[in-house]
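Have a look at the structure below, then the notes.
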């Protein structure tokens, strides 16, 4: 096993709803799905986004899509026009999570 960036084998899609963002991580095979299920725990994702995510992180599994979805509550500084953050809509949170290193 070696450490690699999640983005070397996974894809992401992210967006926002109010003051929270949602991040979907997708892979293309069962082996990598088991890897992300093991490596991308709620605690690890919360730690990765510690500077912006002030609320709870919830993980949803979608095995039929080989995907995980994370809700990051209180991560957008109020969301939309309420926030002074440059990414108050959460669109780049998926790319940020793809920078996480995992054992593969």
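A few comments on the model shown:
- Computed Rg/Rh of the chain, alpha carbon atoms with Kirkwood Rh: 0.98
- Helix-only mean residue ellipticity at 222 nm for the chain, each DSSP H run of n ≥ 4 adding -39500 (n - 2.57), per residue, nearest 500: -5500 deg cm²/dmol
- Helix 30-39 and the long axis of the chain differ in direction by around 50°, with both axes built from C-alpha atoms.
- GNM flexibility winner over the chain from 31, 46, 91 (Cα, springs under 10 Å): 31
Where a number appears in this text, it was derived from the coordinates with a stated rule and is not lab data. Everything quoted here is computed from the prediction, not taken from an experiment.
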